[in-house]
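The values are calculated or read from the model by the stated rules, or taken from the named source; none is laboratory data. Computed from a prediction, not measured in an experiment: that's the story for all the values here. Cβ placement follows ideal geometry from the backbone for every residue including glycine, while neighbour counts extend to all protein chains displayed. Please note that ligands, DNA and RNA were not included when accessible areas were found on the heavy atoms of the full protein model with its side chains. Shrake-Rupley method; radii C 1.70, N 1.55, O 1.52, S 1.80 Å.
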Amino acid sequence: MIIGAITCAWMAFAQSTLRQTINSNWGFHKGDINGFPANQADTIRWEKISLPHSWNTTDVTIDSPSYYRGVGWYKKIIYVPQSWQDKGIYLYFEGANQVTEVYVNGQFAGKHIGGYTAFSFNIGKLLKYDQTSTSNEITVKVDNSHNENIPPLNADFTFFGGIYRDVYLITANPVHFNLDNNAGGGVRIKTPMVSDATANVAVESSITNTEAAKLKVIVTSAIEDAGGNVVKEVTTHETLAANGTSAVDQLLNGITQPHLWSPDDPYLYKVVTTVKDKDGNVLDQTTNPLGLRWFKFDAATGFYLNGKPLKLIGANRHQDYPGMANAVPDAIHERDMQLLKDMGANFIRISHYPQDPAVLEACDRLGLLASIEIPIVNRITQSSEFTQNCENMQREMIAQNFNHPCIIIWAYMNEVLLQPRYKNKSPEQTAYFHDVAALAGKLDSLTRHEDPSRYTMISCHGDFDRYNNAGITKIPQIIGWNLYYGWYAPDFEGFGKFLDRHRLELPDKPLIVTEYGCDGDTRLHSFNPQRFDKTIEYQTSYHKHYLKAMMDRPFVAGGAMWCLVDFNSYARIDASPHKNSKGVASDERVPKDVYYYYQANLLKKPFIKIGSRNWVIRGGTGDENTQCIQPVEVYSNLAEVSLSLNGKLLDKQQVKDKVAIFNVPFSNGVNNLKASAGENGIFYEDFATINFKMQPASLNSKILPFTELNVSLGDTRFYADDKLQQVWLPEKPYSPGSWGYIGGHVFAMKDTNLQKFGTNQNILGTGYDPIYATQRVGLNDFKADVTDGKYQVTLLFAELVSNVKGQTSVFNLNAATQKDDALTGRSFDVFINGQRVAEALGDDNYLQPFRAFSIRYTIDVTGGTGIDISFKGIKGESILNGIQVKKVF
């Protein structure tokens, strides 16, 4: 046989592998189809959809017992020309959650387990070909049901179902870069040596030959700079095995004066690898990014990139978006990375699973160093199937993302001892901890074998002894700690003490703070923020403590805040139901105050930004000059900042720790703020417009007539309702001529180290959970000394205790066990200006536990009586959660 003597027609028309999306015109059926493929069920109704798609876009945001976790079916017709008959034809899925079965013309093509890595199937032999393009039906079964053998088992995020990333149809010549190895690209780029002076690059290709004979080919790898100029090239002559895959290794040594990749200068070369036949016809070609850099972690002095120390500061990120679930287009993934970069960050922890390819592609371009992990979260299953699935996920993650220069860490576990199986300290739990460590050891060894050039990491919650005693801290090269002192644990000081303990007891183990953060609800504000109030002001204060503590400790390699944006977490049942609101930007990607604080600290160019700029509907009680003085923070990396109000200079402040604080005398209506600062003769400015809803100090004021009052009882926070343009004020005791409560006390949960007011339970039947989640108990009256006229009075109630044990979030890390209050019975009458308007209101009728109830009355105020709402207890104590008073005329 003469090697390479092949005369197939495909050679004459050879071209590179073709990838094309097939996202359009799919059918979707929610639910299983019994007996498929024998039963094609012509009566099935197929919804017309396009990909990406998830069936959980709405049910994860409503007050329902659960969201749909089960089977969904997809189908699509593709048209295949006869000319493809000799090609390799693949279906390539970027991601489908979480078990996927693929059928072609009713025949089984393959199955994939895991919801966050890509997979592909060779479907060429299952297709029909004809003289013209022939229709072929692709049918896909996707199942996001809980499965004890597939991670994640549970986690603080939602397991959306569906084909939620792009799907490609790939056509390849009989000779092509390997498409069967864990859906990798067939080429791995390595940089065995990089310095300021020179760099060496290794290109490892895996090339498939489906012909029945050996074949001589020419393989060329060329490194091109950003301008397209070839800076190094190597060509080798290879003989490919018949009906098999051959490895081809090439070295490109001696790249002089390399342009190094870094966050400040993310310079990308590209490696173009080409396979040609002996006559020079292109059989396949692929292009990969190349970033020339070197790095190391040091347990004592932190992280180094290209020989220079660099503190890694960034964020974690989940992939969902409101109304889309995780079926998010590339533009949003890319925008999120730009959002992070614009904050001044240089690091992202891609948590807790591999995400869309667009994410790492953007990190390469923008200069964001990355850690990426598989979704082993909270616990494991002690089975061979679970272990095998974890190992497969790790191999797939590495194979599919190997060539991204942004990646510096492969990780594989997160808080894996948070919810251990079995009774505490039992023999069974001891064995369980041993099995967790054994799984970690296998994954760590696998990872180091697949890629010894990058580091391995496990992220642990803040139980140092548990992870240390289980041997977990000895396994990876880096330990990540998820720490929430000042949130789930009560004091900020514990954060620094924990870091110092790690340094003392694990002196040879590099450390990254892989999570830190607290909730910040964009609707909630306070001038006296406190732990668990979820105000924007407490969130900013929290991050101020953490950033300083990390920056002051050289051994802390970096920190990734939790997290970049708010995200859906169905299991969360608190006053922001189904949402983790710890993002430094909202789920719609609007930055919060803390985002600007980080910009002031991290950006190297001049920066100035007015804080609370998104608190555009403010409110408060005016003084005799109808002004209300409230603080405003300005974030800047400049030395001195001026603030003007409506064109008039208020003050100049020296910037301290990147913040200047001004007391602003707001007036009723529109207030225009301008912050300015100069450096080297150049002035920088920022503007914000605040619509202030002034409440008159005296409700019979003629200068500022009363119109509306909204009060959140048992609460110290302001609640801004941008949609209705209303401001809810915190409660205050009654004073003559004004408004307020008489008697009673603030409701607080018992036996908890969490918030000291209100409940952390989801309030059903409302979108105003924070208003209904706080309450004054046992009050006698609420008075408002308004002038005569017609008024609407709305009373808001929600019973915050129950005889049924409430839900407790497992994600309240470090929190003490909460004991629910017992509902012993409640009944009371409500009177307005002496007239009974509600009789025996209580748990026998309208006041159901954790469900919103409101009632509005229209009343006439005459004779200068004002409004007096009184509460008379029959059984138990009276309650009131909120009140609205509106003057009609």
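Some values worked out for this structure:
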quantity: Only listed residue being farther than 25 Å from PRO174 by Cβ, modelled with pLDDT under 95 and either among the polar types (S, T, N, Q) or surrounded by 14 or more Cβ atoms within 10 Å (Cβ to Cβ) (or both), chosen from ASN39, ASN23, ASN56; calculated: ASN39
quantity: Selection within the stretch 193-205 - in contact with a strand residue (DSSP E or B) (Cβ under 8 Å, 6 or more places away or on another chain) and open to solvent by 30 Å² or more (accessible area, probe 1.4 Å); calculated: MET193, ALA197, THR198, ASN200, GLU204
quantity: SER384 open to solvent by 10 Å² or more (accessible area, probe 1.4 Å), more than 18 Å from ASN288 (Cβ to Cβ) and either modelled with pLDDT under 95 or among the small types (Gly, Ala, Ser) (or both); calculated: yes
quantity: Residue pairs meeting the criteria (Cβ under 8 Å; at least 6 apart or on separate chains; first among the β-branched types (Val, Ile, Thr), in the stretch 525-545; second part of a helix (DSSP H, G or I)); calculated: ILE536/ASP593; ILE536/VAL594; THR540/ASP593; THR540/VAL594; THR540/TYR597
quantity: Every residue from the stretch 574-592 that is open to solvent by 10 Å² or more (accessible area, probe 1.4 Å), outside any loop (DSSP other than H, G, I, E, B) and at pLDDT 95 or above; calculated: PRO591
quantity: Residues located in the stretch 491-526, provided they are farther than 30 Å from TYR772 by Cα and touching an Asp or Glu at 6+ places or on another chain (Cβ under 7 Å); calculated: PRO510
quantity: Selection count, the stretch 612-626, where residues are touching a Ser or Thr at 6+ places or on another chain (Cβ under 9 Å), buried (at least 19 other Cβ atoms within 10 Å of the Cβ) and outside any loop (DSSP other than H, G, I, E, B); calculated: 1
quantity: In the stretch 250-276, residue farthest from CYS406 (Cα to Cα) [restricted to those that are open to solvent by less than 30 Å² (accessible area, probe 1.4 Å) and among the polar types (S, T, N, Q)]; calculated: THR274
quantity: Residue list for the stretch 410-468, restricted to those being of a type outside the set (Asp, Glu), within 20 Å of GLY480 (Cα to Cα) and in a loop (DSSP other than H, G, I, E, B); calculated: VAL416, LEU417, LEU418, GLN419, PRO420, PRO452, SER453, ARG454, GLY462
quantity: Among (1) at pLDDT 95 or above; (2) open to solvent by 30 Å² or more (accessible area, probe 1.4 Å); (3) in a strand (DSSP E or B) - the single one HIS146 does not satisfy; calculated: (3)
quantity: Hits in the stretch 394-416 (condition: over 18 Å from GLY291 (Cα atoms) and either in contact with a helix residue (DSSP H, G or I) (Cβ under 7 Å, 6 or more places away or on another chain) or surrounded by fewer than 21 Cβ atoms within 10 Å (Cβ to Cβ) (or both)); calculated: GLN394, ARG395, TYR412, MET413, VAL416
quantity: Residue within the stretch 679-692 that is on the phi > 0 side of the Ramachandran plot, outside any strand (DSSP E or B) and loosely packed, with under 14 Cβ neighbours inside 10 Å present; calculated: yes
quantity: Unique match (being open to solvent by 60 Å² or more (accessible area, probe 1.4 Å), under 41 Å from the mean Cα position of the chain (by Cα) and under 23 Å from LEU179 (Cβ atoms)) among ALA247, ALA222; calculated: ALA247
quantity: Residue list for the stretch 832-866, restricted to those being outside any strand (DSSP E or B), without any contact (Cβ under 8 Å) to a residue 40 or more places away in the chain and within 25 Å of ALA575 (Cβ to Cβ); calculated: ASN845
quantity: Pick from the stretch 701-724, criterion loosely packed, with under 15 Cβ neighbours inside 10 Å and not charged (D, E, K, R), ranking: farthest from ALA575 (Cα to Cα); calculated: ILE703
quantity: Counted residues, the stretch 355-367 - those being buried (at least 24 other Cβ atoms within 10 Å of the Cβ) and in contact with a Gly (Cβ under 8 Å, 6 or more places away or on another chain); calculated: 1
quantity: Residue check, PRO476 in a loop (DSSP other than H, G, I, E, B), on the phi < 0 side of the Ramachandran plot and buried (at least 21 other Cβ atoms within 10 Å of the Cβ); calculated: yes
quantity: Which numbered condition PRO631 misses (of (1) open to solvent by 20 Å² or more (accessible area, probe 1.4 Å); (2) under 25 Å from THR774 (Cβ atoms); (3) in a strand (DSSP E or B); (4) in contact with a Ser or Thr (Cβ under 7 Å, 6 or more places away or on another chain)); calculated: (4)
quantity: Of residues in the stretch 119-143 being in contact with a Pro (Cβ under 8 Å, 6 or more places away or on another chain) and either closer than 26 Å to ASN401 by Cβ or open to solvent by 40 Å² or more (accessible area, probe 1.4 Å) (or both), the one modelled with the highest pLDDT; calculated: TYR129
quantity: Matching residues, the stretch 165-185, being within 34 Å of the chain's Cα centre (by Cα) and either surrounded by 23 or more Cβ atoms within 10 Å (Cβ to Cβ) or of a type in the set (A, V, I, L, M) (or both); calculated: ARG165, VAL167, LEU169, ILE170, LEU179, ALA183
quantity: Residue selected from the stretch 305-354 under the condition of a type in the set (S, T, N, Q) and over 29 Å from MET193 (Cα atoms), by the criterion modelled with the lowest pLDDT; calculated: SER351
quantity: Any chance GLU391 is at pLDDT 95 or above, open to solvent by less than 10 Å² (accessible area, probe 1.4 Å) and within 21 Å of ALA183 (Cβ to Cβ); calculated: no
quantity: Residue that is most open to solvent (accessible area, probe 1.4 Å) [pool: residues in the stretch 634-655 that are closer than 30 Å to LYS311 by Cα and in a strand (DSSP E or B)]; calculated: GLN654
quantity: Residues that are under 15 Å from VAL885 (Cα atoms), outside any loop (DSSP other than H, G, I, E, B) and hydroxyl-bearing (Ser, Thr, Tyr), drawn from the stretch 707-748; calculated: SER712, TYR741
quantity: Condition met for PHE498 (touching a Leu at 6+ places or on another chain (Cβ under 7 Å), on the phi < 0 side of the Ramachandran plot and open to solvent by 10 Å² or more (accessible area, probe 1.4 Å)); calculated: yes
quantity: Selection within the stretch 352-377 - in a loop (DSSP other than H, G, I, E, B), more than 14 Å from ASP264 (Cα to Cα) and not aliphatic (A, V, I, L, M); calculated: HIS352, TYR353, PRO354, GLN355, ASP356, PRO375
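So that you can scan it fast, the table gives a plain yes or no per residue for (1) within 26 Å of the chain's Cα centre (by Cα); (2) open to solvent by 50 Å² or more (accessible area, probe 1.4 Å):
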position: GLY291; (1), (2): no, no
position: ALA299; (1), (2): no, no
position: LYS308; (1), (2): no, yes
position: HIS318; (1), (2): yes, no
position: GLY323; (1), (2): yes, yes
position: MET337; (1), (2): yes, no
